Amino acid sequence: MAGVTFEAVTKRYGAVEAVRELSLEIADGEFMVFVGPSGSGKTTALRMLAGLEAVSDGRILIGELEVNRVSPRDRDIAMVFQDYALYPQMTVRDNLSFGLRRRKASKGEIETRVGRAAAALELDELLDRKPRELSGGQQQRVALGRALVRDPQVFLMDEPLSNLDAKLRVQTRGEIKRLQKEIGTTTVYVTHDQVEAMTMGDRIAVMNHGRLEQVGTPAELYDHPANRFVAGFIGSPAMSFAPVEVQGGELRGDGFALPADGRTGPLTLGVRPEHVRAWNGEPGLIGPVSGTVAYVEALGRETFLGVDTPGGTRFVVCVDGRAKEQPGDQVRFGLVPEGVRLFEGEHGSAV
Amino acid sequence: MTARREQYFTYLLLGVFSLIALAPIVGILVTALQDQSSLASFGEPAGVHFSNFADAWREGNFASYLKSSVIVVISVVTLSTVLSIMAGYAFGMMRFRGEQALFYLLLLGLMIPLEATIVPLYYDLRDLGLTDTYWALIWPQVGVSVAFGTFWMRAFFRSVPRSLVEAARLDGSSSWHTLWRVVLPVGRPAVLTMMVLIFMWTWNEFLLALVMVSDEDLRTAPLGLAFFQGRNRTDFALLAAGAVIVATPVVLVYVFLQRHFIRGMLSGAVKG
């Protein structure tokens, strides 16, 4: 097993920079998630690590070894693809053992490793079937198994759950996390789903437009986003944003004000739904802010209300249990001061 | 009601076209089975005469012609298939300098008809001492077939998910191993369809055989049939029997492989 290091890695396609000076250290045994919207460069970064894309600039190291010019098969990595990429004409057993056979492992070793992986992923009964005879979830497990049997230095996973239905996705999420902890192999996992990132990663690297926006533990990213992009991307429902101006020692927004504490310039206030509460005179809340309910999302245990202020800002308000409000109703709410984050200008860094 | 009427109309139209397509074939078959003398004198057909085939086979020297055809066809289909698969894989899966220019150059082989190059080709092959040998029939047809085969196989390889090849690479598979063991087994319909097409075109090739060989032992079936027809201008039953003999192998190959052939054609049509 080994850690992975990206040193100012850049990938260019002609004039387009898909990944820009990515520098990142992934510790041995760590579960690192690359997350970001489409075109953020997360998959390109993963493919460069796999050796499927050439590095334009910078260095990638696996352990102490620079792998820029090492062929994919000599990098000692295993990858799970989004579409699983199972060999359709081979049985599950042959799919699992393919990599070992190519590496001239002994028959006994192949049998032992395939047996172990099959047992870990409950594939024992399916070993003689072809991929087309399996359900999506089973195919996904075979793809995982194929990576597992190789016992590589690093696992790479490129959105491996995106083809599963919601329920199976949640179940497999836990399964992958458990397996990774058991085996302790360094894992780089790419996803566009921030819930997956938050629930699976030891650390998360948030990417956007080819740049690394922030890297940290899920709690760090959630509580202390480095900039407005990360604040908006991590968390569901997303953080609400409102422009604020400094006026007379106060930060004034659309219907609310808070102490400026020496801050200057136009800022953006961000607040997560759990820090926006219905106004009940609770001391210490910032507000009251009035607005019109635009939508109601009742999830059972809690309800999210989308509320538009007269100035056009939308806040998401979290209400315990079921809410009686309907779209079009006037409501008043307040902001919890500890939950308020401020960002420079419109898109800037956290203040 | 309209839908049903439409359906009837469709069947009617298809029926008419089938008749138009089948009539000459049935005509040849019926003629081949008739009495030679009754045909010549517009007499009533008298029974079924399978002996016409035996007569045609013997008189037309078809054993020799078919042997030549089989030698040429097997050589052309085998060589073209192997070369087309490898070239198609390179053009479909690999990135290399001059890839596009080379591919278009190869496509010229599809665009320029053999008739346009047959004369210089004859002189070239004569200088190489290859005229009047099987090679004069095999190499030019391999050239033409590889142009088509590469085009065909490239389209197939482009339709294969890249991740399959990448997974094999990460699993330690070389390009050679990936091609033959991972990708090609998926493409059996595409390969079989290509083989059937090359088989048919090679089997039916006439002009090349006419120009390149004069030795009777090297004549292929279509060329032999033409000579046979020249010798038996009036004996329609015998002529028809000869035609049936020459056409039968193509029909048999198609019938045996039609399931794969149709699947290959459709996958090509859908995936482009």
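See the values below:
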read-out	value
Cross-chain or 6+ apart pairs with Cβ under 7 Å, the stretch B:164-182 first and free of Cβ contacts under 8 Å to residues at least 40 places away in the same chain, then basic (Lys, Arg)	B:Arg169/A:Arg73; B:Leu170/A:Arg73; B:Asp171/A:Arg102; B:Gly172/A:Arg73; B:Gly172/A:Arg102; B:Gly172/A:Arg103; B:Ser173/A:Arg102; B:Thr178/B:Arg169
Options A:Val92, A:Val70, A:Val114; residue that is farther than 18 Å from A:Ile176 by Cβ, more than 13 Å from chain B (Cβ to nearest Cβ), among the β-branched types (Val, Ile, Thr) and without any contact (Cβ under 8 Å) to a residue 40 or more places away in the chain	A:Val114
Residues satisfying the stated conditions in the stretch A:252-303, i.e. closer than 29 Å to A:Gly348 by Cα and among the basic types (Lys, Arg)	A:Arg252, A:Arg263, A:Arg272, A:Arg277
Tally, over the stretch B:187-220, of residues that are more than 24 Å from B:Ser84 (Cβ to Cβ) and not charged (D, E, K, R)	5
Scan of the stretch A:216-242 for residues that are closer than 13 Å to A:Ser349 by Cβ and buried (at least 21 other Cβ atoms within 10 Å of the Cβ), ordered by number	A:Pro225, A:Arg228, A:Phe229, A:Val230, A:Ala231
From the options A:Phe304, A:Phe343, A:Phe333, A:Phe315, residue that is of a type in the set (Phe, Trp, Tyr) and under 12 Å from A:Val244 (Cβ atoms)	A:Phe343
Residues satisfying the stated conditions in the stretch B:78-124, i.e. in a helix (DSSP H, G or I), among the hydrophobic types (A, V, I, L, M, F, W, C) and under 14 Å from B:Phe148 (Cβ atoms)	B:Leu79, B:Leu83, B:Ile85, B:Ala87, B:Phe91, B:Phe103, B:Leu106, B:Leu107, B:Leu108, B:Leu110, B:Met111, B:Leu114
Yes/no for A:Asp124 being more than 14 Å from every other protein chain (Cβ to nearest Cβ) and acidic (Asp, Glu)	yes
Total residues in the stretch A:95-111, condition surrounded by fewer than 16 Cβ atoms within 10 Å (Cβ to Cβ), within 14 Å of another protein chain (Cβ to nearest Cβ) and either touching a residue at least 40 places away in the same chain (Cβ under 8 Å) or not in a helix (DSSP H, G or I) (or both)	2
Answer from A:Val188, A:Val276 - the residue that is crowded, with 20+ Cβ neighbours inside 10 Å, at pLDDT below 95 and among the β-branched types (Val, Ile, Thr)	A:Val276
Boolean, A:Ala78 is under 23 Å from the mean Cα position of the chain (by Cα), within 14 Å of chain B (Cβ to nearest Cβ) and crowded, with 22+ Cβ neighbours inside 10 Å	yes
Residue check for A:Val55: touching a Ser or Thr at 6+ places or on another chain (Cβ under 6 Å) and either crowded, with 16+ Cβ neighbours inside 10 Å or over 27 Å from A:Thr217 (Cα atoms) (or both)	no
Test: residue in the stretch B:213-222 that is away from chain A (no Cβ under 14 Å), of a type in the set (Lys, Arg), touching a residue at least 24 places away in the same chain (Cβ under 8 Å) and closer than 18 Å to B:Val72 by Cα	yes
Pair list, Cβ < 7 Å and 6+ apart or interchain, from the stretch A:263-278 residues that are free of Cβ contacts under 8 Å to residues at least 40 places away in the same chain to residues that are part of a strand (DSSP E or B)	A:Thr264/A:Val246
Failed condition for A:Glu7, given (1) in contact with a Ser or Thr (Cβ under 7 Å, 6 or more places away or on another chain); (2) over 22 Å from A:Phe229 (Cα atoms); (3) loosely packed, with under 15 Cβ neighbours inside 10 Å	(3)
The stretch B:167-187, residues that are within 9 Å of another protein chain (Cβ to nearest Cβ) and either more than 14 Å from A:Arg102 (Cβ to Cβ) or not in a helix (DSSP H, G or I) (or both)	B:Asp171, B:Gly172, B:Ser173, B:Ser174, B:Pro185, B:Val186
Only one of B:Val82, B:Val160, B:Val73, B:Val77 that is under 30 Å from A:Glu159 (Cβ atoms) and of a type in the set (Val, Ile, Thr)	B:Val160
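The values are calculated or read from the model by the stated rules, or taken from the named source; none is laboratory data. These numbers were taken from a predicted model, which means no experiment stands behind them. All Cβ positions, glycine included, derive from the backbone under ideal geometry; neighbour counts span all protein chains shown.
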